[in-house]
Amino acid sequence: MSEENTHIEKTVILQKYLELDQRGAIIAEYVWIDGTGNLRSKGRTLRKKISSVDQLPEWNFDGSSTNQAPGHDSDIYLKPVAFYPDPFRRGDNIVVLAECFNNDGTPNKFNHRHEAAKLFKAHKDEEIWFGLEQEYTLFDSYDNVYGWPKGGYPAPQGPYYCGVGAGKVYARDVIEAHYRACLYAGINLSGINAEVMPSQWEFQVGPCTGIEMGDQLWMARYFLHRTAEEFGVKISFHPKPLKGDWNGAGCHTNVSTKNMRLPGGMKYIDEAIEKLSKRHNEHIKLYGADNEQRLTGRHETASMTTFSAGVANRGASIRIPRSVAKEGYGYFEDRRPASNIDPYLVTGIMCETVCGAIEDANMSKEFERESS
């Protein structure tokens, strides 16, 4: 029997167990970010339906197995911050997003949400919105780009972006399943598309306000990994998963404050871009690992070493959409962040730079300290 047929048979067998009555019990899958920027999760049984995050108990795990604590003092505590309907178990079951804390009550050094939340609270009057465009690449179980010829390459880039048809699009079943899972869970997934490199895709989350942006992107990533797992597909968020004349993967960050969204908002967009130009290097440090492999000035990217901005220019650090320039208000797009960013770092320093005074900006120093 083929591997594919075996997988189908197992799925059919599993279904009869998923339909069993849980006798009033609720399964809560706790999700957290580990010390390598990857996701971990584990489930527990609760005895009643959850209607508020305050009803969720704190929990703990072995941080020495996740690169978050030494073996002699390994307990890391999980503090729930948000929960979502579980698209895999369904019913009243939930997926819980949790922050990580050390046993002395301080945030674990890989918990970047904690500092970002403080910034958004301080600048809540700005009503800052974000929209993140998450690119990613599919690999098979043998670490080959999914669907590519074994030992070879597909035709050059050109027909794949937003492509339709066999030979142009790969693993649409995974993408459709992920789309529905996110919508079921209440994630504000605003769209999807096939990307320039074959077997590279993108989903967009937003607009979301403040800390909710990071929460929703992390959960959308979790749902992607879980969905792809069922299809035997691996997900890569590396910004340059394949060397050569192939596009890298980014996480373009769209930003808009209350004043930018009002008529005459272009003035505030220009002011924000000026502030960003003065902190280019500080932002780049928080914009993802191995990003220098992607930001080369080729393949629709700007140079990593030079800040630039332009209308409808996909080769600039900051792109102002043509419609925004015409109407005189709206948002701007930061094209520098890599696909493997921690969204709390990126949205946090963006809020600090755009909404705060340059001389008071210290988030990048704080996060560099926490990440060291």
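A few notes on this one:
- Checklist (1) part of a loop (DSSP other than H, G, I, E, B); (2) surrounded by fewer than 19 Cβ atoms within 10 Å (Cβ to Cβ); (3) more than 18 Å from the chain's Cα centre (by Cα); (4) at pLDDT 95 or above applied to ALA289, failing item: (3)
Rundown of residues vs (1) within 21 Å of ASN340 (Cα to Cα); (2) in contact (Cβ under 8 Å) with a residue 24 or more places away in the chain; (3) among the hydroxyl-bearing types (Ser, Thr, Tyr), yes/no style:
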| position | (1), (2), (3) |
| --- | --- |
| THR66 | yes, yes, yes |
| LEU78 | no, yes, no |
| TYR84 | no, yes, yes |
| GLU99 | yes, yes, no |
| ALA116 | yes, yes, no |
| LEU119 | no, yes, no |
| HIS123 | no, yes, no |
| TYR146 | yes, yes, yes |
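- Subset of segment 248-289 [hydroxyl-bearing (Ser, Thr, Tyr) and touching a strand residue (DSSP E or B) at 6+ places or on another chain (Cβ under 8 Å)]: THR253, SER256, THR257, SER277, TYR287
- Filtered residue count, segment 118-134, keeping only those that are surrounded by 19 or more Cβ atoms within 10 Å (Cβ to Cβ) and more than 17 Å from PRO207 (Cα to Cα): 1
- Some residue of segment 146-153 being surrounded by 18 or more Cβ atoms within 10 Å (Cβ to Cβ) and not in a loop (DSSP other than H, G, I, E, B): no
- When residues in segment 294-343 are screened for being open to solvent by less than 60 Å² (accessible area, probe 1.4 Å), outside any strand (DSSP E or B) and polar (S, T, N, Q), 5 of them pass.
- Within segment 114-134, considering residues that are more than 18 Å from the chain's Cα centre (by Cα) and of a type outside the set (A, V, I, L, M, F, W, C), the one farthest from THR257 (Cα to Cα): LYS118
- Only one entry of ASP62, ASP34 meets the criterion of being touching a residue at least 24 places away in the same chain (Cβ under 8 Å) and surrounded by 12 or more Cβ atoms within 10 Å (Cβ to Cβ), and that entry is ASP34.
- Failed criterion for ASP245 (all others in (1) in contact with a strand residue (DSSP E or B) (Cβ under 7 Å, 6 or more places away or on another chain); (2) over 19 Å from THR347 (Cβ atoms); (3) touching a residue at least 24 places away in the same chain (Cβ under 8 Å) hold): (1)
- Counted residues, segment 176-214 - those being polar (S, T, N, Q) and touching a residue at least 60 places away in the same chain (Cβ under 8 Å): 4
- Filter result for ALA25 (within 28 Å of TYR287 (Cα to Cα) and small (Gly, Ala, Ser)): no
- Residue in segment 67-76 that is touching a His at 6+ places or on another chain (Cβ under 7 Å) and either of a type in the set (D, E, K, R) or more than 18 Å from GLN216 (Cβ to Cβ) (or both) present: no
- Those strands (runs of 3 or more DSSP E) of segment 178-279 in which at least 3 residues are touching a Leu at 6+ places or on another chain (Cβ under 7 Å) and open to solvent by less than 20 Å² (accessible area, probe 1.4 Å), considering only elements entirely within it, cover 200-209.
The values are calculated or read from the model by the stated rules, or taken from the named source; none is laboratory data. Remember, it's a predicted structure, so these values are computed and weren't measured experimentally. Note that we place each Cβ from the backbone using ideal geometry, even for glycine, and neighbour counts take in every protein chain shown. The protein model used for the area step is the full one, side chains on, heavy atoms only, and it has no ligands, DNA or RNA in it. Shrake-Rupley method; radii C 1.70, N 1.55, O 1.52, S 1.80 Å.
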